[in-house]
Amino acid sequence: MGAEEHCKMASNLRNSSLQKWSIIIFASLLGFTLFILPVIASSIYSFQKPGGKGYSFISYTWLLHQAGFFPSVGTSLKLAVLAGILNISLMVPTMVYLNFTGQKLKPLVDFICILPLVIPVVSLAIGAQNAMPSFLQNTQYELVFFFVIIGLPFTYRTLDTALQAISLKTLVEASRSLGASWIRTIIRVIVPAIRGGITGALFLTFALSIGEYTITSLLHWETFPTWTVVASQQNILGAIALSVFSFVSAIALLATVALFSKKGARQVGVDQ
Amino acid sequence: MGAVEAQSRVRSSSRSSGVLPLLPFFAFTGFFLLWPVVAVTLKSLKGKNNEWTLDNFRPIIHSGPYFHSFIVSIKLAIITASIGSVVGAFFAFVIVTYVGGRLKNVLDSISAVFANSGGVPLAFMFIAAFGSNGLATKFIRFLGYDIYAGHFTIFSFTGVVLVYTFFQAPLMILVFQPAISGMRKEWREASTNLGASALTYWRRVGIPILLPPFIGAFFLLFAGGFSAYATARALTSGTVSIVPIVIGALVDGNTQASQANLGASLAVGMIVVALVIMIGYVWAQKSTAKWRQT
Amino acid sequence: MNKKDRVSSTLELRGVSRNFGPVTALDGLDLVVAPGELVALLGPSGCGKTTALRIVAGLEVATSGELFVNGERYNEVAANARDMGMVFQSYSLFPNLNVSENIEYGLRARKIGSAQRAKRVAEMLELVALESKAKSFPHQLSGGQQQRVALARALAIEPRVLLLDEPLSALDAQVRSQIRDEIRRIQLELGITTLFVTHDQEEALTISDRVGVMSNGRLEQIDIPDVLYNNPVSTFVANFVGTMNHIPTIASGDTVDIFGKKIRVKNSKGVNGSVSALVRPESIEVTRTSGSGNAKIITRSFLGASSQIICQTAEGAVIQALMPSHESGDLHPGEDVTLNVTLNEVLVSHV
């Protein structure tokens, strides 16, 4: 290595701060253009009066006067809440059991839980049309089960991370040796310890369910997203307002989740 | 970690009481996930008179539009997964390297929102932003470039690519971040200490380690781009003929039995493509695991 | 680059400082490591020892001061041109390369031909006794084996200086002493100038020619282990190296009273009032008394040739003594004893 190169390397060390800031600035600009600009642009757009002159809440209030608005929002909320609860009731015991026993079947469960990301939802919907018994096909509550399926990949990861962060074995053995029953152990010891993970899984399923369109539309049910598409054909500004509203709500919702799960993890980490 | 895990596995296998507690999970996923897949496969193999046949798959191979829809879908998946994975990997690198603490949590949450944003709202937001009168369009025009000067419209294939990138790149940020965080500072320093240049480090250590998770993430993005329906449907009202939209049109409303069977065979075609992707994904994960630090 | 050209190097630091913003991590370090010498920098975390090592390696830039290798100024030499082999705390092996490939990494970077590389790798594997693991990946090795590979990799390039950054701290106690002795054996065999950073005083004392004790970015004392142990210049060094009793007492003038005996104070001349006298366990003599002594035995632990005796004085201070086992066999818990200090002068610290 020549002297010239020595100098170059040394000056590289000094220039690294310059390099760092140019990367950060470039990333910020790119991030702004790709992700923030569309959100800002559509937000402003949603407040434009039809015709483009001036700003108002008119597109937002238009929604409230539509016949389908409240019923479809109600349906979506109801289904999403049910999906969240069902998801938790199914997955918390499953994940606790898998993590506690170190089951050989964990890779299989892991595989099944990633399938909903891989199997096209459209295919799942067509399959559901053919596979579900008619008593299920006749009720909108059939969607709840598929919302749970779609939420599996995220629920699995969230709960698994939360369970691995705590010393599950020690907690269970301590609780059991003090005479607590299994049910009591799960409810009083494990659930509080992974509260963050459970909240996260719940909210994720809820959020996914609220926005689910593919299965809902292919199974011909009317929820908030399918209603939005229909409504957009009458009033695109209304649909945009609706979209901005739901997107911003989603940011608020998931930011809350992030806050919750961070807090939960920290408490568990320090106290136990 | 590995030793501890192995130990606990040995200890607990004697105690584990079998699969009974997992029965609800297997029953649920069996009925609502696997059975529909089996059912759609069976249906795709049935003819008009309920006889077994492969006829339903004929149009996919022979008929232009259906074959073409697969080409369009795969093209869309490859393009959006490529852009998404490169852009997302860059952001993941910047976030891991330069951002810490509270801001990192915020960025991660925002990425999570954006990654899951693929849906109806996204389509309308992009119409508002990048439609011919959209505010982002006007803003860019103000900066001196008219994106509508050529053939671009937000309702076209290119438009769909643009919108998909919006959720593919953040998904990549989430998926790829652990791989970058796993790169230890000591490797870079040891390489320098041993007299290697930065280029040598990336060629011999950095890229070989990051490539498998990158490919794995790419496959995941491909799967997402390939099967996404809602955004494209809401954005283009079905004019861009990707497979999910073609299927949607086939099974929509009053459908004839033969059309339903064709829809089923298209759905099975999608599953086949997805499974190929899954195999790639599993392979990539395996290669990653091979070097994993214990 | 050939072995015959290579003679052991001298490493010299002159007034090397490093500030991180307002924090001074390293404050004017002067240090000369003679050819073939192993010098340890010992200190608690945050004392600046790792910063010093990283400045020598070129991974960190000194805010001021100079660095020389064989009299040649090294400040401006790039980290990848310094020819210094470094062993990190842990996880520094390239996980995607097997043991052989790890060891030859530096040789490839030097564009050395494959035949010569293979020969060198074989030599290194033999040196660290890992011939059978040549094709293993790092994750298939134990922690101790990984560190031996890291050592082989650092030595393969025939470095001017060997830098060891807490190479043992991630290992189990048993493996630790084994690798420690192996490092020393190899270092002596190759006669390579070595700078060794550690927070473990036992490690430092057992394998180093000289040990430098650091605190708050400064070198408190540097000397051979015996002198550090028996003649610490400051209370910090005394406390950090070996076990130390803190016996509460009163100082007047330049003497303190320990168990009824007046002993000269080595530091802080003219100190009056409450102080702690620093006395090593082996400088305390425990004898049985027929009447009431000045302390009571709490426990006696047999350690082999010597035994550890824990006593409590009438004032309540707990004192640790170390005596030959054959002289302390008749000491039992609960018995009254008399403590004596077998020293002519002591270090004291303010309470």
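For the range C:161-259, the Cβ-based charge dipole about the Cα centre amounts to some 100 debye (Lys, Arg positive; Asp, Glu negative; other atoms uncharged). The packing ranking of peptides B:194-202, C:318-326, highest mean first, is B:194-202, C:318-326, where packing means the average number of other beta carbon atoms within 10 angstrom of each residue. When the Gaussian network model of chain A links Cα atoms closer than 10 Å, the mean-square fluctuations of A:T158, A:T226, A:T170 top out at A:T170. For C:N75, the residues whose modelled amide H falls within less than 5 Å of its own, excluding neighbours fewer than 5 places apart on the same chain, are C:L67. Based on the Stokes-Einstein relation at 10 °C and a viscosity of 1.306 mPa s, and on the Kirkwood radius from alpha carbon pairs, chain C is assigned a translational diffusion coefficient of 70 µm²/s. Each residue of the range B:145-153 was assigned a 3J(HN,Hα) from its phi angle through the Karplus curve 6.51 cos²θ - 1.76 cosθ + 1.60 (θ = phi - 60°); the sequence is 10, 9, 5, 8, 5, x, 8, 5, 9 Hz, with glycine and proline shown as x.
The mean sequence distance of close C-alpha pairs (under 8 Å, at least 6 residues apart), as a share of the length of chain A, puts its relative contact order at 27 percent. Which parts of the range A:77-118 would a label at B:A27 reach, counting a residue when its backbone N lies under 13 Å from a point 7 Å out along Cα-to-Cβ? Label zone hits: A:90. Distance between the pseudo-spin-label points of C:E66 and B:K48 (7 Å out from Cα toward the beta carbon): 9.8 nm. Phi angles across the range B:132-139 convert, under the Karplus curve 6.51 cos²θ - 1.76 cosθ + 1.60 with θ = phi - 60°, into 3J(HN,Hα) values of 5, 10, x, 6, 5, 4, 5, 4 Hz, Gly and Pro given as x. Taking square-rooted eigenvalues a ≥ b ≥ c of the alpha carbon gyration tensor, is the protein assembly as shown rounded, prolate or oblate, where a/c under 1.5 means rounded and, failing that, a/b exceeding b/c means prolate? It is prolate, given that a/c is not under 1.5 and a/b is the larger ratio. Each residue, A:Q164 and C:S301, gets one label point 7 Å from its Cα in the Cβ direction; the gap between the two is 3.8 nm. Entry note, chain B: relative contact order of 28 percent, from Cα contacts under 8 Å with a spacing of 6+ residues.
Mean-square fluctuations from a GNM of chain A, with a 10 angstrom spring cutoff on Cα atoms, peak among A:L163, A:L204, A:L136 at A:L136. Amide H contacts under 5 Å for A:G102: none, restricted to partners 5 or more places along the chain or on a different chain, H placed in the peptide plane at 1.01 Å from N.
The DSSP beta bridges internal to chain C are antiparallel in roughly 75% of cases. In sequence order, the range B:200-212 has phi-based couplings of 4, 4, 5, 5, 9, 10, x, 5, x, 7, 7, 4, x Hz under the Karplus curve 6.51 cos²θ - 1.76 cosθ + 1.60, θ = phi - 60°, and Gly or Pro positions carry x.
As a rough footprinting exposure proxy, the listed residues C:R18, C:R82 were ranked by other beta carbons within 10 Å of their own, and the order from fewest upward is C:R18, C:R82.
Would you work out if chain A is rounded, prolate or oblate? Take a ≥ b ≥ c from the square roots of the eigenvalues of the alpha-carbon gyration tensor; rounded if a/c is under 1.5, else prolate when a/b is larger than b/c, oblate otherwise. Oblate, since a/c reaches 1.5 and b/c is not below a/b.
Evaluated with a Cβ-only charge set (Lys, Arg +1; Asp, Glu -1), the range A:68-271 carries a dipole of roughly 720 debye about its Cα centre, given to the nearest 20.
Shielding of peptide A:144-151 by partners, expressed as the average count of other chain Cβ atoms within 10 Å per residue Cβ, is 2. Between B:Y145 and B:N133, the simple spin-label model (points 7 angstrom out along Cα→Cβ) gives 2.5 nm. Near A:T226: Cβ cut-off under 11 Å, other residues only, Lys/Arg at +1 and Asp/Glu at -1. The net charge is -1. In the structure shown, the pairs A:K78/B:K75; B:K75/B:K104; C:K261/C:K296; B:K286/C:K111 are assessed against 27 Å; a Cα-Cα span above that value is assigned to A:K78/B:K75; B:K75/B:K104; B:K286/C:K111.
Taking K and R as +1 and D and E as -1, what net charge do the other residues with C-beta under 15 Å from the C-beta of C:L29 add up to? With Lys, Arg at +1 and Asp, Glu at -1, the neighbours total 0.
With a 10 Å cut-off between alpha carbons and a GNM built on chain C, which of C:G85, C:G65, C:G48 moves the most? Judging by the Gaussian network model, the answer is C:G65.
Sorted largest first, the spans of the alpha carbon positions of chain B along the three principal axes are 70, 69, 34 Å.
Distance from a point 7 Å along Cα→Cβ of C:S292 to each backbone N in the range C:328-348: keep the residues under 18 Å and list them by number. Label zone hits: C:334-339. Per residue of peptide B:259-268, the mean number of Cβ atoms on other chains within 10 Å of the residue Cβ is 3. Proximity of backbone amide H atoms, modeled 1.01 Å from N, is registered between C:L26 and C:R18 at under 5 Å, excluding neighbours fewer than 5 places apart on the same chain. Could you tell me which residue out of A:A239, A:T205, A:I186 lies farthest along the dipole of the range A:122-240 toward its positive end? Charges go on the beta carbon: Lys and Arg +1, Asp and Glu -1, centred on the Cα centre. About the Cα centre, the residue reaching furthest to the positive side is A:I186.
Mean per-residue shielding of peptide A:94-100 is 4, counting Cβ atoms of other chains within 10 Å of each Cβ.
This model, with +1 at the C-beta of Lys and Arg and -1 at the C-beta of Asp and Glu, gives the protein assembly as shown a dipole about its Cα centre of some 2040 debye.
Dipole orientation for the range C:208-341: of the candidates C:F240, C:I250, C:H326, C:I250 has the Cα lying most toward the positive pole (charges on Cβ; Lys, Arg +1; Asp, Glu -1). Quick one: grab the alpha carbon gyration tensor of the range A:28-82, order the square roots of its eigenvalues as a ≥ b ≥ c, and give me rounded if a/c is under 1.5, else prolate or oblate depending on whether a/b is larger than b/c. Oblate, since a/c reaches 1.5 and b/c is not below a/b.
Any read-out appearing in this document is the output of simple, stated calculations on the displayed coordinates, not a laboratory observation. Keep in mind it's a predicted model, so treat the numbers as computed, not measured. Cβ sites come from the backbone with ideal geometry, for glycine too, and all protein chains shown count toward neighbours.
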